[in-house]
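A quick write-up on the structure given underneath.
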Amino acid sequence: MSLAVLFAGQGHQHADMLPWLSPSPLLRQMGERLECADWRAALADVGWATRNATAQLVLTGTALAAWAELAPRLPGPVCWAGYSVGELAAFSAAGVFDGQTALWLAQQRAAAMDRCGQASPGGLVAWGGLGPDSVADICRSAGLHIAICNGDDAVIVGGPWPALLHGEQLAVARGAQVTRLAVSVASHTPAMRQAAATFAGLLATVAAKAPRGVLFSNVGGRVRSAERAAQVLSAQIAETVRWRDCMEEVRGRQPRCVLEIGPGQALARLWSRRYPEIPARSCDEFRSVAAIERWVGRWL
């Protein structure tokens, strides 16, 4: 049996996400940190939902609550990985730290990144259809950085908005598909260096453990120790998320199916485009835990 589990990043949170999710102590704690009695109703406000402070807490809390429901009914994963802030949930699911700590870290991570964003306002834009040479050339010309590498011709770039708009014009002129993301900071770029340093200091205070299974990071391959976990979690805030490479690592574990935990279907779709022979679905597509269990059971 080999199930790979991927934890989603922010950008797709919505009021109807994970409709089968049951109330839990962790979700109550998440609501308290959000100062919100009804987080689902609040997510209907797009401005509130896309705030960094909201999104990082919601993604971490709901993902871990979802995994707590699913884990007793599914085989143990052959590996875990998380996309951007999804790493907090992935590392917690793998036993590096508990859910309460993950919520605290999500809140502190968002706050540190927002402080950097206030000092250096910026954002993220997705480019599709450009080769590596074109991407590198435009980034040099516009003063941008590759924030996330999702595939051979799919990247997300970050930087200040004037540079992003200039880069968008250059990318469109070369035939790229361009999508501006609902993110208010230039995540995973040098603009976040101070946030990464702050987060490293916070992680040094956490009682972390080595992962209890195979865990992959966005910036450094397999994570085998608590010390390495802290290094990569802080580093990825200001370094390129190499999701393409992370998917390759997961593929190397030879999973028979892949389950995305979180809202939307972004990771499942990226996986399916790259590895169509290995089925992938998002748990946000299902209406019940039993339906997820049945789908996973088809392949294992």
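The values are calculated or read from the model by the stated rules, or taken from the named source; none is laboratory data. Worth saying up front: this structure is predicted, and the values here are computed from it rather than measured. We place every Cβ from the backbone using ideal geometry, glycine too, and count neighbours over all the protein chains shown. We work out accessible area using only protein heavy atoms, side chains counted, and drop any ligands, DNA or RNA first. Shrake-Rupley method; radii C 1.70, N 1.55, O 1.52, S 1.80 Å.
Results, tabulated for the structure shown:
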item: Most mobile of Gln107, Gln236, Gln194 in a GNM of the chain (Cα contacts under 10 Å); result: Gln194
item: Radius of gyration and maximum dimension Dmax of the range 226-300, Cα, Å; result: 14.4, 40
item: Net length gained if the chain between Ser225 and Gln118 were fully extended (0.36 nm per residue, minus Cα distance); result: 35.1 nm
item: Sorted peptide list for 275-287, 50-62, 28-40, criterion being average Cβ within 10 angstrom, highest first; result: 50-62, 275-287, 28-40
item: Under the Karplus curve 6.51 cos²θ - 1.76 cosθ + 1.60, θ = phi - 60°, whole-Hz ³J(HN,Hα) for the range 63-77, x wherever Gly or Pro sits; result: 5, 6, 5, 5, 5, 4, 6, 7, 3, x, 10, 10, x, x, x
item: Distance cut-off 14 Å, percentage of C-alpha pairs in the range 112-151 lying past it; result: 55
item: Backbone HN-Hα couplings from phi across the range 240-247 [Karplus 6.51/-1.76/1.60, Hz, Gly and Pro as x]; result: 4, 7, 9, 5, 4, 5, 5, 4
item: Kirkwood Rh and Cα Rg combined as Rg over Rh, evaluated for the range 1-62; result: 0.99
item: Gyration tensor (alpha-carbon) shape descriptor, the range 150-246, a/c threshold 1.5; result: oblate
item: Over the chain: helical MRE at 222 nm, DSSP H runs n ≥ 4 each giving -39500 (n - 2.57), nearest 500; result: -14000 deg cm²/dmol
item: Efficiency of FRET between Leu165 and Asp16 - r from beta-carbon atoms, R0 41 angstrom, step 0.05; result: 0.80
item: The chain - share of DSSP beta bridges that are antiparallel (%, nearest 5); result: 55
item: With every protein chain in place, the range 52-126: carbon and sulfur % of accessible area (1.4 Å); result: 53
item: Of Glu227, Glu168, Glu260, the one that fluctuates the most in a GNM where the chain has Cα springs shorter than 10 Å; result: Glu227
item: Euclidean distance of C-alpha centroids, the range 87-107 and the range 221-300, integer Å; result: 16
item: Förster-model FRET efficiency, 25 Å R0, Gln177 and Ala44, C-beta, rounded to 0.05; result: 0.30
item: Estimated vicinal HN-Hα couplings, Hz - the range 45-59 in sequence order (Karplus 6.51, -1.76, 1.60; Gly, Pro = x); result: 7, 4, x, 5, 5, 8, 4, 4, 5, 6, 4, 5, 5, 4, 4
item: Answer label, with semi-axes √(5λ) of the Cα gyration tensor in Å calculated from the coordinates and candidates (i) 28, 22, 19; (ii) 32, 21, 19; (iii) 35, 23, 20; result: (i)
